[in-house]
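Okay, so here's the structure we're looking at.
The values are calculated or read from the model by the stated rules, or taken from the named source; none is laboratory data. Nothing here was measured: the structure is a model prediction, and the numbers come from that model. Here Cβ is always computed from backbone atoms with ideal geometry, including for glycine, and neighbour counts include all displayed protein chains. Side chains are part of the model used for accessible areas, which takes the heavy atoms of the whole protein and leaves out ligands, DNA and RNA. Shrake-Rupley method; radii C 1.70, N 1.55, O 1.52, S 1.80 Å.
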Amino acid sequence: MAVWGCGPVGLFAIQSALIMGAGQVIAIDHYPHRLELAKQSGASVVNYCNTHVYEALMDMTGGIGPDAVIDAVGLESHGFAPDNLYDYAKQMVMLETDRPHVLRQALYACRKGGRVSVPGVYGGFIDKFPVGAFMQKGLTMRTGQTHVQKYLPQLLDMIREGKSDTTLLISHRLPLEAGPEGYRKFAFEQNETTKVILKPGMENAR
């Protein structure tokens, strides 16, 4: 399995995949600290800034591609790939709303007959969706936000039983009144910030 994005959603996806029996999970990102967290969670890592992602995935899967791929990035993918720059330009003139570079990359990398999961949020319209590759490879796609009420009891049991370590993702603990600062950190200090816990009445602490 390959997971694009090592933010909170991607890191939880890595943990979940391993708990459910994935033989290998490959995490893709460019923030060093987040890649280190992915490694601590049990994933092999690929830094897209210094590695050709498709070639790396083919090499790590014997030329077949991952059985399943997860786009945990969504509409705000970053980087200087030609298609991503194209998407930036189209956004500026309001001809497109989302940047689907990761989704395109995941579809091309997934093995024939594989599964594509998209928990990363998309909000509107995208361009140049590789529908031919999606159809000809016989891929299956699932999307959507997490059904929290359905899965929360099971997840809490897994935490109590020590099967899942959610504290790994906590980077900051702040008082409730520091909420704006927590949002600023998550937006502009992404290498250092994963999950910010806000608690009324607590002292300001990392």
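What relative contact order, as a whole-number percentage, does the chain give when Cα pairs under 8 Å and 6 or more residues apart are counted? Reported relative contact order: 18 percent.
Surface exposure of the chain, expressed per residue as accessible area with a 1.4 Å probe, stands at 58 Å². Accessible area ranking (1.4 Å probe, heavy atoms, ligands and nucleic acids excluded), largest first, for VAL121, VAL196, VAL102: VAL121, VAL196, VAL102. The fraction of Cα-Cα pairs per 10 angstrom bin, counted from 0 for the chain, comes to 8, 31, 37, 19, 5, 0 percent, rounded to whole percents. Relative to the longest principal axis of the Cα atoms of the chain, helix 148-160 runs at roughly 60 degrees. Against the chain, whose longest principal axis comes from its Cα atoms, helix 8-19 is set at around 80 degrees. Taking the C-alpha atoms only, the angle from helix 82-92 to the longest principal axis of the chain is near 70 degrees.
Residues within the reach of a label modelled at ASP67 (point 7 angstrom out along Cα to beta-carbon, backbone nitrogen below 14 Å), restricted to region 1-32, are 1-2, 17-26. The amide H of THR143, built 1.01 Å from its N in the peptide plane, has VAL118 as neighbours under 5 Å, considering only residues 5 or more places off or on other chains. Based on alpha-carbon atoms, the Kirkwood radius and the radius of gyration of region 67-165 give Rg/Rh equal to 1.07.
Taking a point 7 Å out from the Cα of MET141 in the direction of its Cβ, the residues of region 83-118 whose backbone N falls within less than 14 Å of it are 98-110, 114-118. Here the convex hull built on the C-alpha positions of region 42-84 has a volume of 108 cubic angstrom per residue. The accessible area of GLU76, taken with all protein chains in place and a 1.4 Å probe, comes to roughly 110 Å². By accessible area, using a 1.4 Å probe on protein heavy atoms only, the chain has 58% of its surface on carbon and sulfur. Note: region 132-186, Cα convex hull, 197 Å³ per residue. In summary, the lysines within cross-link reach of LYS90, defined as a Cα separation below 22 angstrom excluding same-chain residues under 8 places away, comprise LYS128.
Beta bridges from DSSP with both residues in region 71-206: antiparallel share about 10 percent, rounded to the nearest 5.
Here HIS33 sits with roughly 80 square angstrom of accessible surface, probe radius 1.4 Å.
For region 1-53, the orientation-averaged shadow of the C-alpha convex hull comes to 3.1 nm² (one quarter of the hull surface).
Using the rule -39500 (n - 2.57) for each DSSP H run of four or more residues, divided by the residues of the chain, the 222 nm mean residue ellipticity is -11000 deg cm²/dmol. For region 1-106, the convex hull drawn through the C-alpha positions has a volume of 95 cubic angstrom per residue.
Just the accessible area for THR167, please: 1.4 Å probe, Å², rounded to the nearest 10? Its heavy atoms expose roughly 80 Å² to the probe.
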